[in-house]
1. Which ³J(HN,Hα) values, rounded to whole Hz and listed in residue order, are derived for region 83-90 from phi using the Karplus coefficients 6.51, -1.76 and 1.60 in 6.51 cos²θ - 1.76 cosθ + 1.60 with θ = phi - 60°, glycine and proline given as x?
2. Taking the convex hull of the Cα atoms, report for region 6-56 its projected area averaged over all directions, in nm².
3. In Å², and per residue, what accessible area does the chain have when probed at 1.4 Å with the other protein chains present?
4. What is the dipole size for the chain, taken about its Cα centre, with +1 at each Lys and Arg Cβ and -1 at each Asp and Glu Cβ, in debye to the nearest 20?
5. How big is the antiparallel share of DSSP beta bridges in the chain, given as a percent to the nearest 5?
6. Tell me, what is a quarter of the convex hull surface for the C-alpha atoms of region 2-115, in nm² with one decimal?
7. The chain: Rg/Rh from Cα coordinates, Kirkwood Rh?
8. To the nearest Å, what is the center-to-center distance of region 230-247 and region 70-96, using C-alpha atoms only?
Amino acid sequence: MSTSHDHVLIAGGGVGGLTTAVALQRRGIPWTLIEAAPRPTAINTSILLQPNTVQVLTELNLGRQVAEKGRRVAHTSIMSVAGKVLTEVRAEDVEGTVGSPALGIHRADLHEVLLSELDDGNLLTGDPVIGFETDADGVTVHLRSGERVRGRGLVGADGIDSLIRARLHGDPPAVGSGTSCLRGVTEVSADRPDEVLEWWGYRLQFGIIPLRDGRSSWFALIPTPTRPVRDAVDRLRFYQLLYREFPSQARALLEATEPKDTIEVELRQRQWRGGSGIVTLLGDASHPMLPNLGQGAGQAIEDAAVVARRLAGTASVADAFRAFEGERRARVQWIQRQAVRMNQLASVPSGPLSTARDAVLRGLPSRIEHTSVMRMFDGAHT
C-alpha cells in the first residue's frame, strides 16, 4: 500500500484533476493524482477559456502561461446563417469588470501548462482506479494492478462516466442530449482570427475558436443520427454535406481539415451531484455541461480553486468538502440550465420558430444581455 496518509487523492488527470493538484500545491496541501493513462493527455481539440476561467487561472499564478499558449478573443458573435448578428460580446465590455480576457487554447497546450507546475513524483499513472473504501481514518483507493493508495480524502475528477460517482450514488449513466458534435483543428487561419464566430441555422450550429500560431479550431453540432457514421473520412464528408448552405468561413474550415484531426462525441447530460463524507466530485463527474456557453472546463477549474481553498480553511476534510459543494452548487446548476436553454434556442427547426427566435434575440435590450453575461463571467471566487 502506498503511504500517502496526509495526501488528498485526486482520481482523474483531465483539466479538473490537474487544476485541483495545482491549486492544492499552491496552498501547501499534499496531493496524489491517479490517472488511468500512462500520462495525462488531451484530445485534439480546443477549449474556449472564458474570462471567469482565465481569472481563476491568473489567481493560481498561471495567467501568463495560458496567455502565451492561447489567443485572446476580442469579439464573440452568434449569427444566423444569413449573417445577421443575433447576440454578441465585446472584450472591452467584459475585461474591465472581470479583469481577464477570453482565450482560445488547444487542450494539449492547457494540459502542458498545468503539468509543468506539478511534481511528477505525485502522479500515479497507467493504473486505473477500480474502487475505494472509507473508514474513520481516511480513504483507500484500489487500483487495477492490486496496489492500494491511502489518503485523507478523495476528489473524484474522473469525467462524465465517473466510477467514483457510480460507487457513491449508484447513478445510471449520463443520458444523450439528442445532439452530437464534431470537433476539428486545422492549420488554416480563420478570416477573423481574433473572434469567436458561431452560426445557427436549421437545427445546426457551427462555431470557430481561434488558436495561436494561425491555427483554427471549429465545432459542428447536429441532431444525433440514428445510425452514426463511424469512418472518419465518411463522417467528415457527411458534415460537409449538412453544412453546404452555411457561410464560406464554415465551409472552408470543414474542407481544410484532415479527417484524422476530427473527433465526434454525443453530448450527454446528468444532474449535479456532490459527494459524501471524505469523498467529493468535481467537473464532469459532478456536473457535465452542454458546450453552448463554453463553460464545461471553466467550471471544473473554478471547482478546483474552491475545493483547495476550503481544504486550506478547515482541518476536517468532510466539512471542507460539504462547504465546497454548498458554495458551488447554485452557480453550477444555473450555468447548466443556461447551457441547455442555449442549445434549445440554437436547435429550433427552420420556419416560424427560428424567425421568432432571431427577432427576439436581435431585439433583446443590451442591458439584459450584459447582466446575464456578467453573472456568468463575474461569478468566480477562488
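1. x, 6, 6, 8, 7, 8, 9, 9
2. Values: hull surface 17.3 nm².
That works out to 4.3 nm².
3. Values: 16210 Å² over 382 residues.
Value for the chain: 42 Å² per residue.
4. On the way: 43 positive and 44 negative charges, 184 e Å.
Dipole magnitude for the chain comes out near 880 debye.
5. Values: 49 of 71 bridges.
The antiparallel fraction comes to roughly 70 percent.
6. Details: hull surface 36.4 nm².
Mean shadow area of the hull around the Cα atoms is 9.1 nm².
7. On the way: Rg = 20.8 Å, Rh = 21.4 Å.
A ratio of 0.97.
8. That distance is 26 Å.
The values are calculated or read from the model by the stated rules, or taken from the named source; none is laboratory data. Owing to the predicted nature of the structure, the values given are computational and were not obtained by experimental measurement. Backbone-built Cβ (ideal geometry, glycine too); neighbour counts: all protein chains shown. Calculation scope for accessible area: heavy atoms of the full protein, side chains included, ligands and nucleic acids excluded. Shrake-Rupley method; radii C 1.70, N 1.55, O 1.52, S 1.80 Å.
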